[in-house]
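*Asks:* Handing you this structure, nothing more for now.
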Amino acid sequence: MKPKVATVWLGGCSGCHMSFLDLDERLIDLAEKMELVFSPIADIKEFPRDVDVTLVEGAVANVEHEEFAHIIRRNSRYVVSFGDCAVTGNVTAMRNAIDTEAVLHRSYVELADINPHIPREYPTIAELMPQARPLHEHITVDAYIHGCPPTAEQIWSAVSELLQGRMPALSHVYLRYG
Ligand code: SF4
């Protein structure tokens, strides 16, 4: 049976997933070696059980991310912080020095073209957390892929190791922060 792989998009810009797609023809090799069971590039609504490897892009920035992070952890053998926003907070955490209400006001009132108001209906939009934090501050993380975004080479190397049940070795070449 092929290893089950998931990729998740939390508080990030999707650039890490774009870099994943930069694997180009190697995606065909990967498709033969693994089964993609959940991803923003697949129309699957619920996170499945018994996933072997989950790559998580983005920081934990809102309450929905936090809840999802725990669902991922419960159902994944290996959880990987995928890119610098997941690893350190990076770009997503740049707003941490600013009061959350000021961030919301800037986003939803000052920059609104129509209907300026701060949404407070949390069933339709997730409540922002006071700070965007790296994934490992919320759940146990097994491996880290650095970079903003990680290069296709880094992703290929790390995923290849993980699919063989090995932890990817960190190289100084890969310790490049955004
Ligand atoms: Fe985007 Fe860089 Fe964050 Fe990846 S690490 S989500 S590319 S800002």
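The values are calculated or read from the model by the stated rules, or taken from the named source; none is laboratory data. None of the values given here were measured: they were computed from a predicted structure. So basically every Cβ, Gly included, is an ideal-geometry build from the backbone, and we count neighbours across all protein chains shown.
*Asks:* Can you tell me which residue within region 35-69, out of those that are touching a helix residue (DSSP H, G or I) at 6+ places or on another chain (Cβ under 6 Å) and among the aliphatic types (A, V, I, L, M), is nearest to Pro119 (Cα to Cα)?
*Replies:* Ala61
*Asks:* Identify, from the list Val109, Val87, the residue that is within 16 Å of the ligand (Cβ to nearest atom) and at pLDDT 95 or above.
*Replies:* Unique residue meeting the criteria: Val87.
*Asks:* Are there any pairs, at least 6 apart or on different chains, whose C-beta atoms fall under 9 Å, with the first in region 83-100 and without any contact (Cβ under 8 Å) to a residue 24 or more places away in the chain and the second among the hydrophobic types (A, V, I, L, M, F, W, C), and if so, which?
*Replies:* Here the result reads Met94/Ala132, each pair linking region 83-100 to a residue that is among the hydrophobic types (A, V, I, L, M, F, W, C).
*Asks:* Take Ile114 and decide whether it is within 15 Å of the ligand (Cβ to nearest atom) and either touching a helix residue (DSSP H, G or I) at 6+ places or on another chain (Cβ under 8 Å) or farther than 24 Å from Val63 by Cα (or both).
*Replies:* No, not satisfied.
*Asks:* Pick out the one residue from Ala69, Ala93, Ala97 that is closer than 15 Å to Arg133 by Cβ and within 12 Å of the ligand (Cβ to nearest atom).
*Replies:* After applying the criteria, what remains is Ala93.
*Asks:* Tell me, yes or no, whether region 153-170 has at least one residue that is touching a strand residue (DSSP E or B) at 6+ places or on another chain (Cβ under 6 Å), in a loop (DSSP other than H, G, I, E, B) and more than 21 Å from Ser14 (Cα to Cα).
*Replies:* yes
*Asks:* Does any residue in region 150-167 that is without any contact (Cβ under 8 Å) to a residue 40 or more places away in the chain come within less than 6 Å, Cβ to Cβ, of a residue that is assigned to a helix (DSSP H, G or I) and buried (at least 18 other Cβ atoms within 10 Å of the Cβ) six or more places away or on a different chain, and which pairs are these?
*Replies:* Gln154/Tyr174
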